[in-house]
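Structure first, then comments.
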Amino acid sequence: MKTTPILEIRGLSKRFGGLVAVSDVNFSIAPGETLGLIGPNGAGKTTLVSLISGSITPTTGDILFEGASIRHLPAFQRARAGIGRTFQIMKPFPGLSVLDNIAVGALFGTSTTAKALQTAREEAREWLELMELQHHADQRADELGGPDRKRLELAKAMAMKPKLLLLDEVMAGLNHAEIDDVIEAIKKVRRTGISVLVIEHVIKVIQRLSDRLLVLHHGQQIIEGKPEEVLEDPRVIEAYLGRRRA
Ligand SMILES: Nc1ncnc2c1ncn2[C@@H]1O[C@H](COP(=O)(O)OP(=O)(O)O)[C@@H](O)[C@H]1O
Ligand SMILES: [Mg+2]
């Protein structure tokens with residue numbers, strides 16, 4: 001018997017006025033799989049993430065999470081069902097410590113009794129250590145920079161115990177050494193068995209993290225397959241890589 005995909009996208013389109021930002025997209029993500037999503041600026045990648053997380057509604061098509069349609073669920077119910085995301089521009093709770101920022105994630109969906117708060121802090125500490133942020137535990141979150149801030153964002157998202165994590169260009173603003181650092185952090189996240197949709201400009205990130213790759217161009221999916229095959233496809237080189245080499 002075939003396992004039910006964690007996520008299945010069926011004929012999904014999103015129109016903004018005269019612009020079709022996402023056009024008849026179809027794909028699925030298996031439990032534990034990491035799917036990489038690439039494409040030039042304006043290809044519709046972030047729109048696709050917003051459709052999945054529920055901050056915008058599709059024009060046509062359906063989104064199935066663990067086999068059931070979530071198309072009509074508001075964003076907070078999708079988060080509760082197990083869809084987690086990070087944001088391209090991260091917003092920590094500035095006055096809170098690094099540890100408590102993660103604890104806020106762990107509190108999601110629980111009550112706010114003293115006991116729940118204590119459990120949340122304990123869970124937060126596990127993610128704090130896994131993301132190697134223990135030396136920053138009591139620092140204010142907005143004092144963190146570079147890769148530490150990205151690791152905090154990952155820890156916060158993971159503390160909410162998602163089954164599917166949506167990562168939209170988390171490497172933005174990092175240098176090469178810092179990117180390697182955050183790749184390792186994402187690998188730790190993957191080892192928990194979670195499914196991941198990773199959007200990234202930096203090709204080495206996609207190569208090192210993705211089990212499978214999907215390319216969007218002008219809202220349309222132009223190819224899907226193994227990363228090494230996709231990255232050598234002439235259509236991809238023309239649409240995406242060629243422009244960067246030029
Ligand atoms: N809320 C919106 N209203 C109107 N147009 C939008 C909106 N969001 C995105 N777009 C447009 O949709 C297209 C895809 O954008 P986006 O999904 O952000 O691309 P990507 O993340 O691949 O760079 C772009 O042309 C963008 O200008
Ligand atoms: Mg984007």
Looking at (1) open to solvent by 30 Å² or more (accessible area, probe 1.4 Å); (2) modelled with pLDDT of 90 or more; (3) within 16 Å of ligand 1 (Cβ to nearest atom); (4) of a type outside the set (Phe, Trp, Tyr), which is the only condition residue 85 fails? (2)
With respect to the numbered conditions (1) closer than 30 Å to residue 42 by Cβ; (2) surrounded by fewer than 15 Cβ atoms within 10 Å (Cβ to Cβ); (3) of a type outside the set (Ser, Thr, Tyr); (4) touching a Gly at 6+ places or on another chain (Cβ under 6 Å), which one is the sole condition not fulfilled by residue 162? (2)
Please work out if residue 32 is part of a helix (DSSP H, G or I), in contact (Cβ under 8 Å) with a residue 12 or more places away in the chain and more than 16 Å from ligand 1 (Cβ to nearest atom). no
Anything in region 218-234 that is open to solvent by 70 Å² or more (accessible area, probe 1.4 Å) and on the phi < 0 side of the Ramachandran plot? List them, or say none. 220, 224, 226, 228, 229, 232, 234
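For region 143-201, what are the residues that are polar (S, T, N, Q) and over 29 Å from residue 81 (Cα atoms)?
If the condition is that a residue be polar (S, T, N, Q) and over 29 Å from residue 81 (Cα atoms), then 175 is the only one that fits.
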All conditions in (1) on the phi > 0 side of the Ramachandran plot; (2) near ligand 1 (Cβ under 9 Å from one of its atoms); (3) of a type outside the set (A, V, I, L, M) are true of residue 11 except (2)
Please verify whether residue 172 is open to solvent by less than 60 Å² (accessible area, probe 1.4 Å), part of a loop (DSSP other than H, G, I, E, B) and touching a residue at least 12 places away in the same chain (Cβ under 8 Å), treating the condition exactly as stated. yes
Of (1) in contact (Cβ under 8 Å) with a residue 60 or more places away in the chain; (2) under 12 Å from the mean Cα position of the chain (by Cα); (3) not in a strand (DSSP E or B), residue 152 satisfies all except one. Which? (2)
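With the requirement that a residue be more than 16 Å from ligand 1 (Cβ to nearest atom), in a strand (DSSP E or B) and open to solvent by 10 Å² or more (accessible area, probe 1.4 Å), what does region 187-217 give you?
212
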Search result, residues across region 59-81 that are among the hydroxyl-bearing types (Ser, Thr, Tyr) and loosely packed, with under 14 Cβ neighbours inside 10 Å: 60, 69
Those residues that are hydroxyl-bearing (Ser, Thr, Tyr) and modelled with pLDDT of 95 or more, I need them from region 47-82; list them, please. 47, 50, 53, 57, 59, 60, 69
Within 16 Å of ligand 2 (Cβ to nearest atom), open to solvent by less than 40 Å² (accessible area, probe 1.4 Å) and at positive phi, is that true of residue 54? no
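The values are calculated or read from the model by the stated rules, or taken from the named source; none is laboratory data. In this text the structure is predicted, and so the values were computed from the model without any measurement. Reconstructed Cβ throughout: ideal geometry from the backbone, glycine too, with neighbour counts over all protein chains shown. All accessible areas refer to the heavy atoms of the entire protein, side chains included, with ligands and DNA or RNA removed. Shrake-Rupley method; radii C 1.70, N 1.55, O 1.52, S 1.80 Å.
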